[in-house]
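What follows draws every value from the coordinates through simple rules; no lab data is involved. Since the structure is predicted, the reported quantities are computational estimates derived from the model, not experimental observations. FYI the Cβ positions are ideal-geometry reconstructions off the backbone, even for glycines, and counts take in every protein chain you see.
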Amino acid sequence: KKRVFSGIQPTNNVHLGNYLGAIRNWVETQDQYDNIFCIVDLHAITLPIDPKELHINTRKLAALYLACGLDTRYCKLFVQSHVRQHAEIQWLLNCYTPMGWLNRMTQFKTKAGEDMDSVGAGLYCYPVLMAGDILLYQTHYVPVGDDQRQHVEMTRDLAQRINSLYGKQIFTIPEAQIRTTGARIMSLEDPTKKMSKSDPNPNAYITLLDDPKTIKKKIARATTDSERLVKFDPARPGITNLLSIYQILTGQTQEVIEAEFEGKGYGDFKAALTDRLVETLSPIQQRYQEIISDMPALENLLKQGADDLRPLAERTTEKMKRAIGLG
Ligand code: TYM
């Protein structure tokens with residue numbers, strides 16, 4: 001089986017974009033691959049984060065992975081910092097990553113914002129840490145949302161560069177898996193921006209743990225337009241974003257959905273979308289509550305995941321060190 005690797009940062013709340021752009025797709029095809037899903041806590045410290053919050057968010061995210069349907073028969077789940085080789089290989093890879101490549105990363109510019117001089121160097125080197133995650137496990141496919149495309153491309157370039165420099169197949173060349181729908185869920189407040197965990201306005205996103213009342217409220221106030229036409233239309237990003245969410249949740253075509261709401265207004269559509277969201281998220285929330293209430297079992301599962309994965313991470317790191325002349 002081909003290997004799949006992906007991960008999510010344990011910062012703030014996991015939202016509908018993370019679910020539709022990533023987790024849901026992992027679950028859907030998990031039986032076809034040899035899967036590794038990581039809780040990337042080392043990535044989460046690239047911006048300031050409270051230690052207690054980081055600790056609990058790491059466990060919460062693991063519980064959500066399971067609640068969303070990841071099955072340990074097909075997947076290994078683990079916490080990035082539990083396998084030391086992530087930090088080790090990042091240093092090695094850093095030395096082979098041209099600054100020019102990192103300078104081109106758009107996410108760094110967005111996240112650093114005005115603080116270019118005071119932000120930690122970890123944020124700048126973040127794509128290299130991510131490359132290490134993927135390369136350590138000889139990954140074939142990386143299922144992610146559209147915002148991670150550039151990072152996976154850089155990972156490929158870096159792997160090819162090192163393989164050809166030393167004339168050896170040290171790393172498998174990975175490939176991004178990005179769906180055509182759901183890869184870029186937009187903010188509910190400003191549909192020209194992507195839905196983001198770090199959005200200061202909680203009405204901009206729906207978290208996987210929002211209760212039905214909150215979902216209803218957030219969808220009701222989601223930005224649309226004054227045309228009142230329930231149709232996919234790139235010129236009207238608000239309604240189109242909501243329709244795309246509906247499309248993924250129902251599995252229907254655009255034509256069928258447009259026909260369903262012909263002659264109806266935004267109110268009818270938003271009510272239907274709310275129902276679908278509650279229907280999708282309620283069972284996840286129920287399972288989540290069960291899983292999070294047995295912390296020892298969860299801790300044990302994560303420890304097992306790291307123990308199982310460590311040997312491969314060690315092998316890859318050793319391979320690279322030998323090629324370089326270290327060790
Ligand atoms: P993160 O934690 O920001 O996001 C996790 C996943 O959710 C996807 N995503 C979205 N998809 C659709 N619409 C959105 N609005 C949206 N927002 C986020 C992301 O594309 C991602 O798939 N650097 C990564 C984590 C990472 C990783 C890795 C991923 C670290 N190492 C190795 C894959 C492989 C990140 O910060 O994702």
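Values computed for the structure shown
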item: Entries in LYS217/LYS264; LYS1/LYS197; LYS60/LYS213; LYS193/LYS217 that, when Cα-Cα distance is taken, lie over 31 Å; result: LYS1/LYS197
item: Max mean-square fluctuation residue, GNM over the chain, Cα-Cα springs under 10 Å, options GLN150, GLN252, GLN160; result: GLN252
item: Distance from the range 158-208 to the range 60-106 (C-alpha centre basis), Å; result: 13
item: For ALA176, residues with placed amide H under 5 Å, excluding near neighbours; result: VAL142
item: In Hz, Karplus ³J(HN,Hα) per residue of the range 298-315 (6.51, -1.76, 1.60; θ = phi - 60°; x = Gly, Pro); result: 5, 4, 5, 4, 5, 5, 4, x, 5, 4, 5, 8, 3, x, 5, 4, 5, 4
item: Per-q log10 I(q)/I(0), the chain, q = 0.07, 0.10 Å⁻¹ (Debye; single scatterer per alpha-carbon; no solvent); result: -0.30, -0.61
item: Built amide H within the under 5 Å cut-off of MET186, gap 5+; result: MET195
item: Sorted peptide list for 3-9, 210-216, criterion being average Cβ within 10 angstrom, highest first; result: 3-9, 210-216
item: Rounded if a/c under 1.5, otherwise prolate or oblate - the range 107-195, Cα gyration tensor axes; result: oblate
item: Calculated [θ] (222 nm, deg cm²/dmol) that DSSP helices of n ≥ 4 give over the chain, each run adding -39,500 (n - 2.57); result: -16500 deg cm²/dmol
item: Rg(Cα)/(2.2 N^0.38 Å) for the range 205-327, N = residue count; result: 1.66
item: Segment ASN300-ASP31, length gained on full extension (0.36 nm per residue, minus Cα span); result: 94.6 nm
